[in-house]
1. Please report, in debye to the nearest 20, how large the charge dipole of the chain is about its Cα centre when each Lys and Arg carries +1 at its beta carbon and each Asp and Glu carries -1 there.
2. Label Tyr198 and Ser276 with points 7 Å out from Cα along Cα→Cβ: what is the distance between them in nm?
3. So what is the relative contact order for the chain, in percent, with contacts set as C-alpha pairs under 8 Å and at least six apart?
4. Suppose each label sits 7 Å from its Cα in the direction of the beta carbon; what would the Met285-Ala341 distance come out to in nanometres?
5. When only C-alpha pairs under 8 Å and at least 6 residues apart count, what is the relative contact order of segment 118-239, in percent?
6. Give me the 1.4 Å probe accessible area per residue for the chain, excluding ligands and nucleic acids, in Å².
7. So how many Å³ per residue does the convex hull of the Cα atoms of segment 250-406 work out to?
8. How many lysine pairs are close in the chain, with Cα atoms under 19 Å apart and the two 8 or more places apart or on different chains?
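The values are calculated or read from the model by the stated rules, or taken from the named source; none is laboratory data. Just so it is clear, the model here is predicted, and its values are computed rather than measured. Every residue, glycine as well, gets a Cβ built from its backbone with ideal geometry; the counts of neighbours run over all protein chains shown. In case anyone asks, the SASA skips ligands and DNA or RNA and just uses the protein heavy atoms, side chains included. Shrake-Rupley method; radii C 1.70, N 1.55, O 1.52, S 1.80 Å.
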Amino acid sequence: MMSTDGTFGAKTSSRRDRSEQTNLETSHMSTLDDSTVLTQSRSKRYGLFVCLMAALAGLLFGLDIGVISGALPFIAKHFVLNDRSQEWIVSSMMVGAAIGALGAGWLSYRLGRRYALAIAAVLFIVGSLWSGFAVNPAHLIAARLVLGLAVGMASFTAPLYLSEVAPRQVRGAMISTYQLMITVGILAAFLSNIGLSYIADWRWMLGVIAIPAAFFLMGVLALPDSPRWLLQRNRGDEARAVLQRLYGNPADVQAELEQVNEDNTRPQRGWSLLRSNLNFRRSVMLGIVLQVFQQLTGINVVMYYAPRIFELAGFATHEQQLWATVIVGLVNVVATFGAIAFVDRWGRKPILYAGCAVMAFGMCSLGILLHAGVAGLVAQSLAVAALLLFIAGFAMSAGPLVWILCSEIQPQQGRDFGIAVSTLVNWVANMVVAATFLSLLSTVGEANTFVLYAILNVIFGIVVFFYVPETRGVSLEKLGNDLMAGKRLRDLGKAS
Ligand code: BGC
């Protein structure tokens, strides 16, 4: 073994010399170990900071989704609005989000992920303050459009950024944190809806979102640029420095850099790649299908209309309905921790199967209960249990996993475009599901509507079986290379 000064021990050294030398080596090694441990724990803390800051985007997304259902009745009363204007106030955000998701693809490629997030943060601040101070319905619609742009940009950029900075062993958990923040945002909004039902001040409720948005802006400015984006810009030294802070271990940094570098020689393309490359069309299609099925689970029917569903289930007062809705929000948060804990251990597909089964069971039970007519405490409790089961199933699976998979399956040369398209589809499908729920209730009936969602969840499980790859622990580069080499979608990442 080498001594600490780099020379081998002399033949003449006495037993005492040797034992001193051994002590020295041991202490040197333990110093090394200590410093490695220190660096690694520092980089873990830094990783956590990066993850939380980027995931704050999810919090704002959730707040903006959740707050409007509680505020709308008061806004309608204040401005004396008809149904049409109310629908516009709700849906203008989704229109903005669809546009924002597309624009973010271009922005985050040109300016970098960090600046795209910073622009989203500024739009969040402007949109929140504007909606709080809106002087007429037109202003409110415009303000919600701005908020939508912010939500769309953030929902594109945050998972993309997280997938690019995360070490692959914890990539699933890091992107799930984004979904966790969405659920926390929705829960906070549900709670504020209760507060609102007492103080009846909608302006305050909409405007106050500017405060977390300001924190988000500060946090984003402190984030490092994505190492993959830096490499695309030929800023290798900066990329190495960022990876060093995130990974702690130089050997891991080197391994990552070699892999990413090889991949980054290809320029990013969008439409032209889509037109010319069948393999890319497959991953874009898979992203679209995943986001459509995430919405077809019926999640936002519950998010937007939970009080109405509880009314169907026999909860008479508005207050009871709002509190039951808060429980939905709480279960949504708690179950997301399940995904964070297991996504990188069990893998994506087993969790999705389990989630689809639980969601289908929850929706079907609710349908059957409504068919039988929910009367009495037992039936009411069963209806709540069915709904909560559905939410838990979504939160531990389709919620985070669809965002994770969509940010993993696109090849580097078309990643921004591919993720932008799937994010756009998330918002369009969200809008369609929200807009058709009430008509479904009145045309096919309450019970059948929920049974229909149950069937869609079963189909989702089948789609996962046939088309979704298992991406756990596989580098983004391997997934992309397999795709472009023409491997079947469900086989991407498998050792060939
Ligand atoms: C979905 C949203 C949904 C939210 C609920 C997200 O993953 O994309 O549409 O409202 O989860 O937690």
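1. Details: 37 positive and 29 negative charges, 165 e Å.
Computed charge dipole of the chain: roughly 800 debye.
2. Taking the simple label geometry, Tyr198 and Ser276 are separated by 6.3 nm.
3. 21 percent
4. 3.9 nm
5. Once divided by the residue count of segment 118-239, the mean separation gives 38 percent.
6. Details: 20930 Å² over 496 residues.
Averaged over the residues of the chain, the accessible area is 42 Å².
7. On the way: hull volume 24.3 nm³, N = 157.
Taking the convex hull of the Cα positions in segment 250-406, it is 155 Å³ per residue.
8. Pairs that pass both the separation and distance tests number 5.
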